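Everything on this sheet refers to the single structure shown next.
The values are calculated or read from the model by the stated rules, or taken from the named source; none is laboratory data. Here the structure is a predicted model, which is why all the values come from computation and not from measurement. Using ideal geometry, Cβ is built from the backbone for each residue, glycine included, and neighbour counts are taken over all protein chains shown.
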Amino acid sequence: MNKILRKIVMPTVGGRSQKTRITVTLGPELVRQLDAFLDSPEIGSRSQLVEKAIRKWLEIEAQKELDHQTEQYYQTLSEDERREEKEWTKLAARSARRLWDR
């Protein structure tokens, strides 16, 4: 598991998590758009909304990194390894079909 993904997946242990106060400067249009979401019951404050947005962005970045690493892995396979990979894929697809058809 890469460093980015590990940081996202690992939950905070313990009762209350410690938060760090930071200052962020945003344009008025962005603030207006953020504030429009504050009426939603699952979002309590600007801070919670921004934290949720940053977490989502980090998840997307982690997925991009995982996709990149997966692509790199498959690009390094030899021709024999690629053939073996195709055979495993066919076998898995047949097994999945059998399970789904039950």
Gln48 closer than 22 Å to Val24 by Cβ and either assigned to a helix (DSSP H, G or I) or without any contact (Cβ under 8 Å) to a residue 40 or more places away in the chain (or both)
yes
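Yes or no, residue by residue, for (1) at pLDDT 95 or above; (2) assigned to a helix (DSSP H, G or I); (3) surrounded by 10 or more Cβ atoms within 10 Å (Cβ to Cβ); (4) of a type in the set (A, V, I, L, M, F, W, C):
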residue: Glu29; (1), (2), (3), (4): yes, yes, no, no
residue: Leu34; (1), (2), (3), (4): no, yes, yes, yes
residue: Gly44; (1), (2), (3), (4): no, no, yes, no
residue: Lys56; (1), (2), (3), (4): yes, yes, yes, no
residue: Asp67; (1), (2), (3), (4): yes, yes, yes, no
residue: Leu99; (1), (2), (3), (4): no, yes, no, yes
